[in-house]
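Student: Before anything else, here's the structure in question.
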Amino acid sequence: MTIDTLRRFFLPCFFPTTPSSTSTTKSTLSFSKKRPSTSSLRPTPSSSSSSSSSSSSSTTSTTNTTTLAPPRASKTMVIGTIFGNRNGHVWFSVQHDRLSSKPSLLLELPLSTAHLVREMRNGVVRIALESNSNYHSTPLRSIPVFTAFCNGKKTGFAARRKAGDRVKSVLRTMQCVTVGAGVIPSGFGSTTHSGSGSEELMYMRANFEHVVGNADSESFHLINPDECPGQELSVFLLRSRLGATTADR
């Protein structure tokens, strides 16, 4: 029942319908027919000097326009994987390379798989992880514990984890998956974290936009394919400023 809900919400987003691709092909073909011939663009011998001056001025203006473009160094694309046993907690893994079994960030969330699916039925899932006031001088990704909120409701505490053998095995199994949702057969469960080693593992894997606001805020936003509304899912890492204010006093 739970995996059917996952597929109902995610798979239509990851695999757009055929008519949209057909219309895109037609528009591309019609555009290619309207391209002017190159012979009409060849300058005449009498206007060679004027055309060369105009081309140099256009090159200069193009260069100036490119120089004024603002940098976008604070936004990058990463691979995000949400997985967990049917009756266990949800894990969130961030990778820069899908072939690597060592995630750059691994969080154990205080949400059960059933709870996450219930929240997904509304179409919007926003998970906010706020640091404790004792870690005001610690780098955001080095904070071990966060207070977790899901769609505005406090759900408990999330913990940053190191990738163990179980997590590495799961990520190696999904190396060939770029975008999708499904179930991994039993055998990947851990009795330490989920209470059962024979449960099936559910997963959802997609591209996320990683946005770094400043040293006190980061966020990960699910990227849906074009022309498909899909599911809105975001994970926020926030630093509580209460501890810094108290320390300054």
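Student: If you take the residues in the stretch 140-152 that are among the aliphatic types (A, V, I, L, M) and surrounded by 15 or more Cβ atoms within 10 Å (Cβ to Cβ), which one is farthest from A215 (Cα to Cα)?
Tutor: That would be A148.
Student: Quick one: how many residues across the stretch 180-199 are touching a helix residue (DSSP H, G or I) at 6+ places or on another chain (Cβ under 8 Å) and either at pLDDT 75 or above or farther than 13 Å from R86 by Cβ (or both)?
Tutor: So the count comes out to 7.
Student: Further, regarding this structure: Determine if the stretch 178-186 includes at least one residue that is assigned to a strand (DSSP E or B), of a type in the set (A, V, I, L, M), touching a residue at least 12 places away in the same chain (Cβ under 8 Å) and surrounded by 19 or more Cβ atoms within 10 Å (Cβ to Cβ). Please lay out each step first, then the result.
Tutor: Initially, the stretch 178-186 is screened for residues assigned to a strand (DSSP E or B), giving 180-184.
Imposing the further condition that a residue be of a type in the set (A, V, I, L, M) reduces the set to 181, 183-184.
Okay, now just the ones that are also touching a residue at least 12 places away in the same chain (Cβ under 8 Å), so 181, 183-184.
Pick out the ones that are also surrounded by 19 or more Cβ atoms within 10 Å (Cβ to Cβ) and you get 181.
Yes, there is a match, as at least one residue in the stretch 178-186 is assigned to a strand (DSSP E or B), of a type in the set (A, V, I, L, M), touching a residue at least 12 places away in the same chain (Cβ under 8 Å) and surrounded by 19 or more Cβ atoms within 10 Å (Cβ to Cβ).
Student: Filtering the stretch 168-177 down to residues that are surrounded by 15 or more Cβ atoms within 10 Å (Cβ to Cβ) and under 19 Å from the mean Cα position of the chain (by Cα), which residue is farthest from R86 (Cα to Cα)?
Tutor: Of everything passing the filter in the stretch 168-177, V177 is farthest from R86 (Cα to Cα).
Student: Hey, another quick one. Just the residues that are in contact (Cβ under 8 Å) with a residue 12 or more places away in the chain, outside any strand (DSSP E or B) and open to solvent by 40 Å² or more (accessible area, probe 1.4 Å), please, taken from the stretch 153-165.
Tutor: Answer for the stretch 153-165, where residues must be in contact (Cβ under 8 Å) with a residue 12 or more places away in the chain, outside any strand (DSSP E or B) and open to solvent by 40 Å² or more (accessible area, probe 1.4 Å): R161, K162.
Student: Quick one: count up the residues across the stretch 129-139 that are within 18 Å of H210 (Cα to Cα) and surrounded by fewer than 19 Cβ atoms within 10 Å (Cβ to Cβ).
Tutor: Residues in the stretch 129-139 being within 18 Å of H210 (Cα to Cα) and surrounded by fewer than 19 Cβ atoms within 10 Å (Cβ to Cβ): 2 in total.
Student: Can you pull out the residues in the stretch 110-126 that are within 19 Å of E218 (Cα to Cα) and open to solvent by less than 10 Å² (accessible area, probe 1.4 Å)?
Tutor: Residue satisfying the conditions is V125 alone.
The values are calculated or read from the model by the stated rules, or taken from the named source; none is laboratory data. In this text the structure is predicted, and so the values were computed from the model without any measurement. Every residue, glycine among them, receives a Cβ derived from its backbone with ideal geometry; neighbour counts consider all protein chains shown. Side chains are part of the model used for accessible areas, which takes the heavy atoms of the whole protein and leaves out ligands, DNA and RNA. Shrake-Rupley method; radii C 1.70, N 1.55, O 1.52, S 1.80 Å.
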